[in-house]
1. Could you tell me which numbered condition Val59 fails, if it satisfies all but one of (1) surrounded by fewer than 18 Cβ atoms within 10 Å (Cβ to Cβ); (2) touching a Ser or Thr at 6+ places or on another chain (Cβ under 7 Å); (3) β-branched (Val, Ile, Thr)?
2. Out of all the residues in region 69-84, which are in contact with a Ser or Thr (Cβ under 7 Å, 6 or more places away or on another chain) and outside any loop (DSSP other than H, G, I, E, B)?
3. Somewhere in region 121-134, is a residue assigned to a strand (DSSP E or B) and free of Cβ contacts under 8 Å to residues at least 60 places away in the same chain?
4. When the residues of region 90-127 are filtered to those that are among the aliphatic types (A, V, I, L, M) and crowded, with 18+ Cβ neighbours inside 10 Å, which remaining residue is nearest to Ser172 (Cα to Cα)?
5. Quick one: count up the residues across region 71-103 that are closer than 27 Å to Cys56 by Cα and either without any contact (Cβ under 8 Å) to a residue 40 or more places away in the chain or of a type in the set (Val, Ile, Thr) (or both).
6. What's the number of the condition Ile439 fails, among (1) part of a loop (DSSP other than H, G, I, E, B); (2) modelled with pLDDT under 80; (3) under 43 Å from the mean Cα position of the chain (by Cα)?
7. If you check Asp239, Asp248, which single one turns out to be over 15 Å from Arg34 (Cα atoms), touching a Cys at 6+ places or on another chain (Cβ under 6 Å) and either surrounded by fewer than 16 Cβ atoms within 10 Å (Cβ to Cβ) or not assigned by TED's automatic domain parsing to the domain that holds Pro134 (or both)?
8. Given the conditions (1) buried (at least 22 other Cβ atoms within 10 Å of the Cβ); (2) touching a strand residue (DSSP E or B) at 6+ places or on another chain (Cβ under 8 Å), report the number of the one that Asp191 does not fulfil.
Amino acid sequence: MRKIVYILTLLLLAATSLHAQSLNFVRRDVDSSRSKFVTATYLFSIDVVAENIEKCTNVSFELRYDKTQFIRFSEWERGNFGSTTKTLVLSLPDASTDIGRLVVSSGMDYTRDTNAPDNPKVVNLKFVVIPAAPHFDVVTFSLINPRITVVSDGQLKLIDLPTTSFSYTIHSFVNVWPGDANNDGIVNHLDFATVSYYLGLGPNTKQMRSFKREPASTLWAPQPVIAWDTAAATYADCDGNGEVNMIDNLVISYNYDKQHPVGSIINNTNYEIKLPKVVVQKTNSSIVLPIYVSTYQPYLSLAGTIEIPDLQDFEVSGIEPAGLLDGNEACFSMWKASEGSIEFSLGTVDKANLINNSGVVAHLVLEPKQGNKHSPTIAMKNLKGISPYGHIFELSAYTSISEKSENEEIFFANNTFYLSNCFGKYDNLEIYNLLGELIYNADIRNASAIELASKVPMKGLFVAKFSNSNQSKIQKIILE
């Protein structure tokens with residue numbers, strides 16, 4: 001029996017504490033997921049709200065805060081005790097310490113008004129974090145001697161509330177070394193994984209602030225930027241454009257194996273650049289599509305988007321380095337599939353083996369879902385590469401691949417490839433199989449039909465590339 005009484009007493013005390021009268025401090029400048037920190041160069045706003053207090057006519061308190069060399073009181077807004085609300089806020093700076101003091105009194109003009117509100121907002125206080133605030137420092141606020149006036153049984157009553165304190169972590173400027181996505185002091189394969197983890201964070205992310213580096217470059221040097229709301233993602237933005245995407249992997253490949261211990265930079269020259277070999281599993285039903293890229297200058301790695309409108313009919317097995325990257329032991333490949341498109345990055349981290357020519361750089365491997373018997377239609381967009389000097393530039397993909405178009409350049413009948421709309425337009429025809437192997441090359445400047453039956457297998461999927469000195473076009477050919 002005694003044990004039951006003890007338990008009931010504990011439950012009663014717990015229930016009472018849940019409804020204890022207090023002052024609650026609520027951030028109003030950000031949502032709850034970001035309420036634990038404040039950001040350099042930004043105002044932060046705090047509502048002081050009476051909690052579980054009925055018929056409140058006045059609230060008075062002193063609020064103290066430290067780090068006044070970095071946190072400055074800015075302005076205030078009155079509470080909502082009604083049309084007769086009167087609010088007084090006194091800022092009492094103390095130059096001899098780093099403690100700031102705010103004296104607040106807010107309430108009704110007619111203190112015996114029986115229409116006194118329940119749980120009123122007492123006041124809104126605004127502060128600003130200056131740019132020089134140290135990153136990850138902490139500012140602490142302390143509530144001193146809070147007292148309220150309430151109407152109880154038609155009489156005014158003074159009640160002392162409990163004191164409390166609360167803190168915010170400061171997000172300020174940090175130094176980003178381009179390519180060190182996890183900020184561990186070295187650029188290696190773990191940074192690819194970090195970019196993958198934070199992929200998609202940026203200006204389009206809900207409830208997330210990100211910041212661009214101004215100016216931003218791939219130069220191996222510390223570059224200051226305000227820490228993002230997700231602070232660790234700040235370093236994953238390797239190119240400094242304010243979002244984490246596949247292009248950030250280009251910077252990792254450019255600065256691969258560089259280190260930055262405190263106070264100095266180590267430039268390793270005697271190391272073996274090698275990444276785990278990228279192997280994509282294939283089956284007898286796999287569709288293997290070559291990725292063709294055209295360039296006017298050498299590059300180390302590339303990133304872009306493959307648009308596949310009917311992607312829902314396929315499983316993405318992966319993107320495997322091939323063609324111009326064959327035999328390179330320092331290759332990487334990353335991809336992320338979403339509705340109708342695949343974002344990818346691939347290339348090498350070995351500057352001794354740059355991609356110098358136009359051609360096949362990889363194979364996209366797709367697996368048809370059950371019941372799907374058609375081939376995909378793909379198009380390459382937003383293709384970028386990084387030069388051996390760290391410059392990110394536009395690459396060209398050969399035009400979209402489609403099964404049919406209104407102006408077909410080639411069709412097959414009677415063991416012959418017939419060319420149309422080509423005369424005077426293209427000089428050369430190349431035909432590749434799905435392994436990216438060139439199986440036929442012909443001068444077509446004066447041709448309208450070419451017999452290829454003896455040179456090309458008669459079944460399967462092939463890619464025809466038409467080109468001249470100024471342009472290229474790709475067309476997919478299906479032979480049944």
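The values are calculated or read from the model by the stated rules, or taken from the named source; none is laboratory data. This one's a predicted model, so the numbers in the text were calculated from it and none came from an experiment. Every residue, glycine as well, gets a Cβ built from its backbone with ideal geometry; the counts of neighbours run over all protein chains shown.
1. That leaves (1) as the condition not met.
2. Those that are in contact with a Ser or Thr (Cβ under 7 Å, 6 or more places away or on another chain) and outside any loop (DSSP other than H, G, I, E, B): Phe73, Arg78.
3. No, region 121-134 has no match at all.
4. Out of the qualifying residues, it is Leu125.
5. Result for region 71-103: 14.
6. For Ile439, the failing item is (1).
7. Answer to the selection: Asp248.
8. (2) is the only condition that Asp191 fails.
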